[in-house]
Amino acid sequence: MPANYKVSYVVRGEDHPGAIVNTDQRPLVGDRIILGEREFTVLEVIDLIPPRGDFHYLHVTIQQAED
């Protein structure tokens, strides 16, 4: 059974609200993600608490992607 991730995205260096997203793929440092109409780069991934069954809770810091 695949893992389920509840990811809290926090945008570094600006007043962006971020997002909480459910996904079946763990974000990794260097990944690019889309929130709304903007693209961001993952800077940091932290497990908030130990996994509970197939559920993982992550804090992910992102910043505006550079071309």
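Bear in mind that the values in this text are calculations on the coordinates, not laboratory data. The structure displayed is predicted, hence computed values, not measured ones. Note that we place each Cβ from the backbone using ideal geometry, even for glycine, and neighbour counts take in every protein chain shown.
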Would you tally the net charge around Gln63, using a Cβ to Cβ cut-off of less than 9 Å, leaving Gln63 out, and scoring K and R as +1, D and E as -1?
-> -1
For His56, other-chain or 5+-apart residues with amide H closer than 5 Å (H placed, Pro excluded) are Asn4, Tyr5, Lys6
